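Engineer: Structure in structure tokens, see below.
We did not get these values from a lab; they are worked out from the coordinates using the rules stated. Model, not experiment: these values are computed from the prediction. For neighbour counting, all protein chains shown are included, and Cβ atoms are generated from backbone atoms with ideal geometry for every residue, glycine included.
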Amino acid sequence: MYRTIQQSLTAAIQAILASKYDVTLASLAVEQPPSIAMGELALPVAFELAKRLRKAPRAIATELAAELSAQLPEGVASVEIAGAGYLNIRLDRAWVARHIAADRHAPIGGPGFRLIEHTSINPNKAAHIGHLRNAILGDTFQRLLRPDTYKHGYQVGVQNYIDNTGVQVADVVVGLMHLENLGLDTVQTLVADLAAQGKRIDYYCWDLYARVSQWYTADPDQAAERKALRLATLHALEQGGNEIAEVADLIATAVLHRHLETMQRLGIEYDFLPRESEILHLHFWDAARQLMIEKGVLYLETEGKNKGCWVMRRASAEPRHSERSEAESRNPRISSQDASATTNAEAAETGPDEDAKVIVRSNGTVTYVGKDIAYHLWKFGLLPGKDFGYTKFHQYPNHMCWISTDSPSDEHAPAFGHADAIYNVIDSRQNDPQNNVIAALRGMGFTNEADRYTHFSYEMVALTPRCALDLGYDVSEEDQKRAYIEVSGRKGFGVKADDLIDRLTTAARTEVDNRHPDLSDDDRATISKQIAVGALRYFMLRYTRNTVIAFDFKDALSFEGETGPYVQYAIVRAANIFRKAGTTAEAALAAMPTLDIAPILNSEEGTTLWETWLLTSRLTTLIEQAIATSEPAYLAKYAFQLAQQFNNFYHRHHILNEEDATKKTLYLATAATAQREMTRALGYLGIEAPERM
């Protein structure tokens, strides 16, 4: 409701500016006064106009206030001038509260297809705690965008990119075939035997990956030979059609199934799993390469350190004498004629661009960035004649997850390569490759697409020393004094995602068992899972994306402070009020239109009550802010603040013992509104509200 009034207010002021001053502003800043005693909204528009109109801000504010007061937007009680020229807006508290109770709010959403890529774990070992931050961020963001019963939203597709031909998968294949001496048949037997024993292939590969990483350098005399083996295995994976590639596909697919099961425990689902093997087999790069050459951003370097490489010209860089087109590289006569037209002096002056990005190495292999450019051209529908085949892979309760194939698509398969905007949840260490993809789009003239490409970056997840000790790791005295300890999959030091979820669930179950021995085993299991998932997801979301997270079990599960369980408990507290009062939240809200609440809300005592209503009205504002900034932490902070506000209201007003019938109903409606909006806010964070805690 807050955003609805803000929109109508800014529209009214824009109309006044156009008619009175013949002025149109691209946007109007709307602030929140430092104290509610000064009103609910403040506009500094007079300061923006002062120079243009050559008037003092207060004089302009006086004129605007008079015009606006003559026809106040709905929900606005009055307009006042404050300070040197602010417009302070006071709301009609009773009118706004009734509309909040009726669940009226500003719409969110619009046209266009938003494509969100997140998780993207290499399918070579179990998911770990760092992967969880990526997946939780991406899943939360798609929840903010996707249509639901509360908002119109946007059309959304969620992708999880599977690098099944990369070096990490190659390392596991080396381990299987050379450390374990297994072939395709025996690897198939291994996978089946592990499943029969209730053991997990992703955990097996976790240990094997750490072993093979150390094996590469364990014997200095064998280091070169083992490096060559690794490279040969990688090339076999990329080429396909051989036993090595079949082993890789078998393992990668088995591990991928485990990844989906792990993420589903946290409510995280996907629409499409594009695999790198199909990008290679369907020759996406060949089409991208031709397009980049035609657009003039890719050329063959003939000099300097990148001689023999195909490199990408930086955005806005001028062509250099050493650049050769594809046609020139095939026709030495054309090339020599062009070269003869360039003097030695000019060559010395222009020279090769040593900072150009290598896209194809001199040995003919395509870099990660090259394949990523091809992939993102496809995402925007800019790769002529190229698309994946789509086949069913994993059935979720409410939709199918599809995977790429180089065969024809299944009947009624969807398509995903037509995005209007892209969000890539990839950690900050990939800033440079991501910037190169954007530069390639811009260099090819796809400026609109480049502007709608968002690198949704984030920092790493580490462990507090206390958490590392809880997990059974040996932590030196020096490390125990550090703020956090970094994890490393190659070294085998880290927290598997499923182990983390299990530990949190077990700890929550102990607390639930102590508090509610009367509940059934199934109910206590459900509540424990809800608390554990809420604790984990909130901990990953409460920090802004550019903050390193030091995870700690005790901090995450605490019922006090800025945690998921704290907000969940506030919702349970609200539910308990209605249970004890013998009524429902719906009944309290339905009674609002018949109540004379203005005298209560406009009183000094009612101001603290009104602050709760006002905060509940800001959910759509926070959702819009989180979308615009790609920062879910704003919504997490809002959920916590609303829980705090509700708890303050709960302790200040004795709801169940209130003798005034109007006040009691208003108090109940306040609790109902707070409960509703806290539940919604947590829902967008992927967190459920338990019935008991």
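Engineer: Given R₀ = 45 Å, what would the calculated FRET efficiency be for GLN290 paired with SER476, taking r from the Cβ atoms and rounding to 0.05?
Structural biologist: Working: r = 55 Å, r/R0 = 1.22.
Taking R0 as 45 Å, the efficiency between GLN290 and SER476 is 0.25.
Engineer: Any idea which of TYR86, TYR2, LEU49 is furthest toward the positive side of the dipole for region 2-91, if Lys and Arg beta-carbons carry +1 and Asp and Glu beta-carbons -1?
Structural biologist: Of the listed residues, the answer is LEU49.
Engineer: Here is a further query. Determine the sum of side-chain charges near ALA525: Lys and Arg each +1, Asp and Glu each -1, restricted to other residues whose C-beta is under 15 angstrom from that of ALA525. Could the numbers behind the result be given before it?
Structural biologist: Working: positive: ARG265, ARG509, ARG515, ARG524, LYS529, ARG692; negative: ASP502, GLU511, ASP513, ASP518, ASP521, ASP522, ASP523, GLU688, GLU691.
Here the count lands on -3.
Engineer: Considering the options THR24, LEU68, GLY39, tell which one lies farthest towards the positive end of the dipole of region 2-91, charges being +1 on Lys and Arg and -1 on Asp and Glu at the Cβ, about the Cα centre.
Structural biologist: THR24
Engineer: ASN242 to SER409: extension gain in nm, 0.36 nm per residue of separation minus the Cα-Cα distance? Show your work: numbers first, answer last.
Structural biologist: Numbers: separation 167, 0.36 × 167 = 60.12 nm, distance 2.37 nm.
Going from the current span to full extension adds 57.8 nm.
Engineer: Stick to the Cα atoms of region 1-123, pair each with every other, and give me the Kirkwood hydrodynamic radius in Å at one decimal. Don't skip to the end; give the middle numbers.
Structural biologist: On the way: mean 1/r = 0.0616 Å⁻¹.
About 16.2 Å for region 1-123.
Engineer: Can you return the aspartates and glutamates within cross-link range of LYS295? Criterion is Cα-Cα under 19 Å, with same-chain partners fewer than 8 residues away left out.
Structural biologist: ASP286, GLU318, GLU323, GLU326, GLU328, ASP353, ASP372, GLU449, ASP451
Engineer: Continuing with the same structure: Extension gain ASP523-ASP596, at 0.36 nm per residue separation less the Cα-Cα distance, in nm? Mind showing how you got there, number by number?
Structural biologist: Values: separation 73, 0.36 × 73 = 26.28 nm, distance 4.12 nm.
This chain segment gains 22.2 nm when fully extended.
Engineer: Additional query: Among (i) 15, 40, 32, 12, 1; (ii) 15, 38, 26, 13, 7, 1, 0; (iii) 16, 45, 33, 6, 0, which is the computed P(r) over Cα pairs in 20 Å bins from 0, in percent?
Structural biologist: Answer label, from the structure shown: (i).
Engineer: Extending each Cα 7 Å along its Cβ direction at TYR368 and ALA26, get the distance between those two points in nm, one decimal.
Structural biologist: Distance between the two pseudo-spin positions: 3.5 nm.
Engineer: Another question, then. Go ahead and run the numbers for FRET between ASP555 and ARG429, Cβ-Cβ distance against an R0 of 25 Å, rounding to 0.05.
Structural biologist: Working: r = 25 Å, r/R0 = 1.01.
The formula returns an efficiency of 0.50 here.
Engineer: With runs of 4+ DSSP H residues as the only contributors, calculate the mean residue ellipticity of the chain at 222 nm using -39,500 (n - 2.57) per run, divided by the residue total and rounded to the nearest 500.
Structural biologist: Working: 30 runs with 361 residues, N = 693.
Mean residue ellipticity, 222 nm, calculated: -16000 deg cm²/dmol.
Engineer: Provide the per-residue ³J(HN,Hα) series for region 217-227, in order, calculated from phi with Karplus coefficients 6.51, -1.76, 1.60 and θ = phi - 60°, each as a whole number of Hz, with x at glycine and proline positions.
Structural biologist: Taking θ as phi minus 60°, the curve returns 10, 5, 10, x, 5, 9, 4, 5, 5, 6, 5 Hz for region 217-227.
Engineer: Follow-up. Run the dipole for the chain about the Cα centre, Lys and Arg Cβ at +1, Asp and Glu Cβ at -1, nothing else charged, and hand back the magnitude in debye, nearest 20.
Structural biologist: The dipole of the chain has a size of about 1340 debye.
Engineer: Work out, step by step, the length gained on full extension between SER19 and ASP355: first 0.36 nm times the residue separation, then minus their alpha carbon distance; give nm to one decimal.
Structural biologist: My answer for the length gained is 115.6 nm.
Engineer: Going by C-beta contacts inside 10 Å, put THR670, THR253 in order with the fewest on the left. Mind showing how you got there, number by number?
Structural biologist: Values: THR670 26, THR253 17.
In increasing order of surrounding Cβ atoms, one gets THR253, THR670.
Engineer: Further question on the same structure: Output the pairs from LYS307/LYS386; LYS227/LYS357; LYS496/LYS529; LYS580/LYS663 with a Cα-Cα distance over 21 Å in this structure; if there are none, say none. Show your work: numbers first, answer last.
Structural biologist: Working: LYS307/LYS386 30 Å; LYS227/LYS357 25 Å; LYS496/LYS529 17 Å; LYS580/LYS663 17 Å.
Violating the 21 Å Cα-Cα cut-off are LYS307/LYS386; LYS227/LYS357.
Engineer: Given labels modelled 7 Å from the Cα in the Cβ direction, how far is it in nm from GLU624 to ALA228?
Structural biologist: So the two model labels end up 6.4 nm from each other.
Engineer: Then there's this: For LYS51, go through the lysines and keep the ones whose alpha-carbon is under 24 Å away, minus same-chain ones fewer than eight residues off.
Structural biologist: LYS20
Engineer: To the nearest 20 Debye, how big is the dipole of region 167-255 about its Cα centre, given +1 on the beta carbon of each Lys and Arg and -1 on that of each Asp and Glu?
Structural biologist: On the way: 6 positive and 13 negative charges, 45 e Å.
I would put it at about 220 debye.
Engineer: Counting other beta carbons within 10 Å of each Cβ, put CYS401, CYS205 in order, fewest first.
Structural biologist: On the way: CYS401 17, CYS205 26.
Listing CYS401, CYS205 from fewest to most nearby Cβ atoms yields CYS401, CYS205.
Engineer: Would you calculate the separation in nanometres between label points at GLU80 and THR189, each defined as 7 Å from the Cα along the Cα-to-beta-carbon direction?
Structural biologist: According to this spin-label approximation, the distance is 8.4 nm.
Engineer: In debye to the nearest 20, how big a dipole does region 2-91 give about its Cα centre with +1 on each Lys and Arg Cβ and -1 on each Asp and Glu Cβ? Let's see the in-between values first.
Structural biologist: Numbers: 8 positive and 8 negative charges, 61 e Å.
Magnitude of the dipole: close to 300 debye.
Engineer: Would you mind ranking SER457, SER404, SER78 by Cβ crowding within 10 Å, fewest neighbours first? Walk me through the intermediate numbers first.
Structural biologist: Values: SER457 18, SER404 27, SER78 14.
Result, fewest neighbours first: SER78, SER457, SER404.
Engineer: Taking H as built 1.01 Å from N, whose amide H comes closer than 5 Å to the amide H of ILE359, not counting residues under 5 places away?
Structural biologist: TRP310, VAL311, MET312
Engineer: Under a straight-distance cross-link criterion of Cα-Cα below 26 Å, which lysines are reachable from LYS392, leaving out those fewer than 8 residues away in the same chain?
Structural biologist: Cross-link targets: LYS125, LYS199, LYS371, LYS379.
Engineer: Let me ask something else. Name the residues whose placed amide hydrogens come within less than 5 Å of the amide hydrogen of LEU41, ignoring near sequence neighbours (fewer than 5 apart) on the same chain.
Structural biologist: Placed amide hydrogens put ILE89 under 5 Å from LEU41.
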